[in-house]
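Student: Before I ask anything, here is the structure I am working with.
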C-alpha cells in the first residue's frame, strides 16, 4: 500500500513541476500574475488574459508560451505572496499590483524602473502620450516609472432606490453634508431596513477601510492624510471622522459585527445585493465587478433600475479639501515587470502589448471601466452612464494617496482607529492611540501636523 | 562495562550519525540561529528595511514584551492550550478510551472511526467545515438551534476555537490512552472492585499510577502541538480585534501581514523559549517518576 502511495505522490509532484517548464526546447515561457480568477474575484480580467491576451500574443510571437497564474484572495494576502516571491527572486514576469504598493516594493528592491528592466524601447512606447499625468502617477515612485497603470477609479455612495422609496426619501438622492447621510440612515432604519449604512471600518477589511471610509471622510473634513511633508495626526478633522463612525455604529445605523468578520467585505456586498444594506460607500469597482448583472460576484439583475449613486459630501458644504462641497479618493492597479525575469525584453513586449489600444479595447468589451488610455476612454465610456459620471463628475474632485513606502503602515493605524470606535471606544481615545502609533511609524511628532 | 556494543568503532559510528547531524544542523540549528539574528534587526517584508536591515539590538524584544497585544496573545495561548489540549483533548480522549475499553464491535468501531476522521481530514477542509457550521448568516449551528444571526465566532471566538481544537485533536489522546489502558491488568481492577473501590478510587489508585508516564508523554506532545497550532486562523483570522489571536497567528499577522519580519522573528524566538520550558518541565516530571520507580524496584522490601 505505502509504496503505491509514495509513487502516486511522486508522479503528482513531477506533473506539477512539468507545468512550469518550457513546452519544447528553444521556446520561452512568460508568466502573468494577477489577483483575479475565472468565476471568482475580477473574473472578467482573468478571462480577458486567458482568452485574448495569451492567444493573441502567442500568435505574433512564435516559440513564446504565456502562462497565467491566477489568485482569488484578499489584497493583503496577494501582496504577501508577491513580496515573498520577489524576495526569493522568483515569481511571474508580468505582475499586477496595487499602485500604492509600488513605493515599498521599489524601496525593497523588489521592482526596478521599467526602463532598467525592459530596455531602451520603454521610453519610446506609443502609449505614454495617451495616459494622463495623474494616472501615470499611479506607477511612479521617486520620479521614476515602475509600472503601467491599468486605469483609475473613484469613490461614491451607492444606494438602493427601492429601499429609499420605502423610507419616503427623495430620488435622486444627493446628500450635501454628513448630517444628511445620518438623517437618511435614521429614516431607513425607521422603515425597517436592517443595515441602513455601510461605511467600511476595522482591520479585517484592510485597505478597503482606509480607501472607502477613513480617507474620503478625512478629505471631507478638509484634511489630507499627508500634505507638505507632514502626516495628519489626532487633529480635529481626524476626530470628526471618528465621530462620524461613532454616530453610525453606536446608533444601530450600521452593523458593527460586519466590520469585524473575516469575510465582512464580501458579506457586505452580498447584503447590498439582497437589499439588506441601503447605502454603501465603494469605488466604481462595485458597480462594474460586484453587482454587475452577469459576471459580478454578487450580481443584481435589476442593477441599472435599482441602484443609484451620489457623490460623497464634505462634512458641511465647502468643508472639504480645497474648499470642495464633495470629495472622493482614487487609486488604481498597475502592472510591473519582475526585475528577476529571465526574459526581461520579451516581458516588456508582453506588458506593452497588454496596454496597447487594441488590448485595452478588448478588455473593456468584457467590462466597461475607466482605462488609463484617453483614446480608448473617449470611445467606450459613453456606453455606461455610471462610469461617465465617475469620469466627468468625480475624477475632477478626487484625491490620491501619498506614494510613500510608509503609507501602508499608516493605513493600518487608521484602520485600527476605526476598529476601536466601532467596538465602543470614544473618538478621542481612538485618535490619541492613533497619534501614538503614527509617531512611532513616521519618526516622531515633528513629522505630524495637527 | 562495554561502551561499543555494536563493535563499529568511533569512525564508523560517526559516519553513521553524520547524515542525521547534518540534516539537523541545516534544517534545525541554522534556522534557529538565523531567527535569533533576524530578531535583532529591523528587517521588513517590504520597504527600505527589506533591502538594508539594520541591527537594532534588543529593541524588538523590549517592544514585544511591552506590547499589550503580545501579552494578551500569550494569555490567549495559555487558555487555548489549557482549554483545548489539557482539559479538552486529554480529558475527552481519556473518557472515550475508558468508556470504550470493555466494548467490542460496531459501537466501538463507529466511535473510533468518527473521532479518527476529525483527526485525519486536512486542516483547511476542516476549517471551512467549521466556518460553515459557526457562521453568523446561514450557519448550520444557528439553523439547528434556531438562533439566527448569533455570531459564535465574533462573540465567543476563544471558546469557538477551543471547542474546535478539542474536536479536532481528541483522536490522538484517545488512541494513546486506549493502548495504555490495555496495559492495566484486569485482575488489579477486579481486586479493587472486590475491595469496594468506586470508579473514582479505581482510577486514582489503580489506573493512573500505572499509566502515569503515558499521561505525561501525551500532555507534552499535545500541549506543544497546540501551542504552535495555526489552524484557528482559518476560522477567525485571529479576530475580532485580536480576541482569538494566539501566538502563532500573532507572529503571522505581525511578520507577514504587517511586514515586520524582525519583530516576528523575535517573538518566534520567545515562543521557542516557552516551548523549551514546557518540554523541560514535562521531561523532569517523567525522569523524576522513573527514578522513583528505579529506587522502589531496587531498594524495596521483598514482596
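Student: Taking residue A:422 as meeting all but one of (1) modelled with pLDDT under 85; (2) more than 19 Å from residue A:223 (Cα to Cα); (3) within 12 Å of another protein chain (Cβ to nearest Cβ), write down the number of the exception.
Tutor: (1)
Student: Further, regarding this structure: Say we look at the stretch A:313-341 and pick out the residues that are in contact with a strand residue (DSSP E or B) (Cβ under 8 Å, 6 or more places away or on another chain) and more than 28 Å from residue A:43 (Cα to Cα); which of these is surrounded by the fewest Cβ atoms within 10 Å (Cβ to Cβ)?
Tutor: A:325
Student: Give me the helices (runs of 4 or more DSSP H) completely within the stretch B:90-179, filtered to those with at least 3 residues that are farther than 29 Å from residue A:255 by Cα and modelled with pLDDT of 90 or more, ordered by residue number. Don't jump to the end; show me each part of the working.
Tutor: Working: elements: B:92-100, B:106-120, B:123-134, B:140-145, B:152-155.
The qualifying helices (runs of 4 or more DSSP H) are B:92-100, B:106-120.
Student: For the subset of the stretch A:132-151 comprising residues that are modelled with pLDDT under 90 and in a loop (DSSP other than H, G, I, E, B), which member is nearest to residue A:174 (Cα to Cα)?
Tutor: Checked the stretch A:132-151; the qualifying residue nearest to residue A:174 (Cα to Cα) is A:132.
Student: Quick check, is residue B:157 within 14 Å of chain A (Cβ to nearest Cβ), exposed (fewer than 13 other Cβ atoms within 10 Å of the Cβ) and more than 17 Å from the chain's Cα centre (by Cα)?
Tutor: Taking the combined requirement at face value, the residue does not satisfy it.
Student: Then there is this: Somewhere in the stretch A:390-405, is a residue within 14 Å of another protein chain (Cβ to nearest Cβ) and out of contact with any strand residue (DSSP E or B) (no Cβ under 6 Å at 6 or more places or on another chain)?
Tutor: Scanning the stretch A:390-405 turns up at least one residue that is within 14 Å of another protein chain (Cβ to nearest Cβ) and out of contact with any strand residue (DSSP E or B) (no Cβ under 6 Å at 6 or more places or on another chain).
Student: Could you say whether any residue in the stretch B:235-251 is closer than 30 Å to residue A:416 by Cα, in a helix (DSSP H, G or I) and modelled with pLDDT under 90?
Tutor: Quick first cut of the stretch B:235-251, residues closer than 30 Å to residue A:416 by Cα only: B:235-251.
Narrowing the set further to residues that are in a helix (DSSP H, G or I) leaves B:235-236, B:247-251.
With modelled with pLDDT under 90 added as a condition, the list becomes B:235-236.
Scanning the stretch B:235-251, I find at least one residue that is closer than 30 Å to residue A:416 by Cα, in a helix (DSSP H, G or I) and modelled with pLDDT under 90, so the answer is yes.
Student: Follow-up question, since we're still on this one. Name the residue that is nearest to residue A:417 (Cα to Cα), counting only residues in the stretch A:173-193 that are more than 27 Å from the chain's Cα centre (by Cα) and in a loop (DSSP other than H, G, I, E, B).
Tutor: A:193
Student: For the stretch A:250-286, name all the residues that are within 21 Å of residue A:36 (Cβ to Cβ) and touching a strand residue (DSSP E or B) at 6+ places or on another chain (Cβ under 7 Å).
Tutor: The answer is A:268, A:282, A:283, A:286.
Student: Here is a follow-up. Tell me, which helices (runs of 4 or more DSSP H) lie completely within the stretch A:339-450 with 2 or more residues that are assigned by TED's automatic domain parsing to the domain that holds residue A:95?
Tutor: A:344-354, A:357-366, A:374-380, A:385-389
Student: For the stretch A:44-119, please list each of the helices (runs of 4 or more DSSP H) lying entirely inside it that holds at least 1 residues being at pLDDT 90 or above and within 16 Å of the chain's Cα centre (by Cα).
Tutor: Values: elements: A:54-60, A:75-87, A:102-107, A:114-118.
The helices (runs of 4 or more DSSP H) meeting that bar are A:75-87, A:102-107.
Student: Now for a separate question. Any residue that is within 14 Å of chain A (Cβ to nearest Cβ), in contact with a helix residue (DSSP H, G or I) (Cβ under 8 Å, 6 or more places away or on another chain) and touching a residue at least 60 places away in the same chain (Cβ under 8 Å) - is there at least one of those in the stretch B:19-35?
Tutor: First, pick out the residues of the stretch B:19-35 that are within 14 Å of chain A (Cβ to nearest Cβ): none.
Looking for residues that are within 14 Å of chain A (Cβ to nearest Cβ), in contact with a helix residue (DSSP H, G or I) (Cβ under 8 Å, 6 or more places away or on another chain) and touching a residue at least 60 places away in the same chain (Cβ under 8 Å), one finds none in the stretch B:19-35, hence no.
Student: Please go through the stretch A:145-193 and pick out each residue that is exposed (fewer than 14 other Cβ atoms within 10 Å of the Cβ) and in the same structural domain as residue A:394 (by TED's automatic domain parsing).
Tutor: Within the stretch A:145-193, no residue meets the criteria.
Student: Filter the stretch B:230-251 down to residues that are under 20 Å from residue B:126 (Cα atoms) and at the interface with chain A (Cβ under 10 Å from one of its Cβ atoms), then give me how many there are.
Tutor: Going through the stretch B:230-251, the residues under 20 Å from residue B:126 (Cα atoms) turn out to be B:230-239, B:244-246, B:248-249.
Now restrict to residues that are at the interface with chain A (Cβ under 10 Å from one of its Cβ atoms): B:233-239.
Residues in the stretch B:230-251 being under 20 Å from residue B:126 (Cα atoms) and at the interface with chain A (Cβ under 10 Å from one of its Cβ atoms): 7 in total.
Student: Here are some residues: A:369, A:373. Which one is in contact (Cβ under 8 Å) with a residue 12 or more places away in the chain, buried (at least 19 other Cβ atoms within 10 Å of the Cβ) and touching a strand residue (DSSP E or B) at 6+ places or on another chain (Cβ under 8 Å)?
Tutor: Exactly one residue qualifies, and that residue is A:369.
The values are calculated or read from the model by the stated rules, or taken from the named source; none is laboratory data. What you are looking at is a predicted structure, and each value in this text was computed from that prediction instead of being measured. We place every Cβ from the backbone using ideal geometry, glycine too, and count neighbours over all the protein chains shown.
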